[in-house]
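The values are calculated or read from the model by the stated rules, or taken from the named source; none is laboratory data. Model, not experiment: these values are computed from the prediction. Virtual Cβ from ideal backbone geometry, glycine too; neighbours counted across all protein chains shown. Protein only, heavy atoms only, side chains kept; ligands, DNA and RNA dropped before computing areas. Shrake-Rupley method; radii C 1.70, N 1.55, O 1.52, S 1.80 Å.
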Amino acid sequence: MFEDNYRHRGLRNKLVRTLRKKGIKDERVLEAIGKVPRHFFFDDALLEHAYQDKAFPIGEGQTISQPYTVAFQTEKLQVRPGDKVLEVGTGSGYQACVLLELGAKVFTIEYNRNLYEKARTFLPSMGYRPTFFHGDGSKGLPSRAPFDRIIVTAGAPSVPSALLEQLADGGILVIPVGDRERQQMVVIRKKDGILQEERYDMFAFVPLLGAEGWGAG
Ligand code: SAM
């Protein structure tokens, strides 16, 4: 059904080189990005867009994140094989595939029903099997907590308290926080119950909706 040939692999290798030049150092993350066929997420006519380092519309007013953003967040997440990872904002499912390539056990939650339905059919057809949920990820996923890692792929007004509660001890949360247009990447570590925060570059995500986001939208 899907074709992944030398041309696609060549484009992917080029993307990996671009990400390396832009400062991504973690070879495991680069390797994972080098494995996920991003063009499967695009119509054939849009192949030229699939391996550019750009976000792209996926319908419902949402985007598949820019590869650099995926690489940056994934690098900061420091995923180890077997980690239980919560992703808030399934979107296209691309980020979830990268996390699966790193050997994580991925729980991914999407607020938009159409995107949730699409991802939960599409990803398994490519051989990627995270556990899918439909709902408000700003409240986390209490039934499956705690999580070793939590990644939020939509811009939040502040760090949702539910996500801090659901982070395991020794865990890492990566979340863009700011206003509706621009957000700073925040990395929070929980160690012996104490939270440590680091702040990084500015990014531009679509808004995190829901109870601990920007409201119902
Ligand atoms: N990770 C995605 C990917 O790999 O394609 C990109 C995510 S897109 C930038 C942000 C997603 O977050 C959108 O699909 C949006 O519907 C979703 N979203 C927004 N608020 C949410 C919430 N409270 N819970 C779960 N998903 C949410």
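Can you tell me which residue within the stretch 98-155, out of those that are within 9 Å of the ligand (Cβ to nearest atom) and hydrophobic (A, V, I, L, M, F, W, C), is nearest to Lys76 (Cα to Cα)? So, considering only residues that are within 9 Å of the ligand (Cβ to nearest atom) and hydrophobic (A, V, I, L, M, F, W, C), the one nearest to Lys76 (Cα to Cα) is Ile151.
Results for (1) in contact (Cβ under 8 Å) with a residue 40 or more places away in the chain; (2) over 25 Å from Asp201 (Cα atoms); (3) surrounded by fewer than 16 Cβ atoms within 10 Å (Cβ to Cβ), shown as yes or no for each residue.
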| residue | (1), (2), (3) |
| --- | --- |
| Lys21 | no, no, yes |
| Ile24 | yes, no, no |
| Arg38 | yes, no, no |
| Leu47 | no, yes, yes |
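Restricting attention to the stretch 91-111, the residues that are of a type outside the set (Ser, Thr, Tyr), touching a residue at least 40 places away in the same chain (Cβ under 8 Å) and open to solvent by 40 Å² or more (accessible area, probe 1.4 Å) add up to 1. Figure legend. Inter-residue proximity from the stretch 160-172: first residues of a type in the set (Val, Ile, Thr), second residues in a helix (DSSP H, G or I) and open to solvent by 20 Å² or more (accessible area, probe 1.4 Å), beta-carbon distance below 9 Å, spacing 6+ or different chains. Indicated pairs: Ile172/Lys76. Could you check, for the stretch 55-72, whether at least one of its residues is more than 15 Å from the ligand (Cβ to nearest atom), more than 22 Å from Gly170 (Cβ to Cβ) and over 17 Å from the mean Cα position of the chain (by Cα)? No, the stretch 55-72 has no match at all. Evaluate the stretch 74-87: report whether one residue or more is near the ligand (Cβ under 9 Å from one of its atoms) and of a type outside the set (S, T, N, Q). Yes, the stretch 74-87 contains a residue that is near the ligand (Cβ under 9 Å from one of its atoms) and of a type outside the set (S, T, N, Q). Note on the stretch 49-64: among residues that are in a loop (DSSP other than H, G, I, E, B) and open to solvent by 30 Å² or more (accessible area, probe 1.4 Å), the one that is nearest to Ala119 (Cα to Cα) is Glu60.
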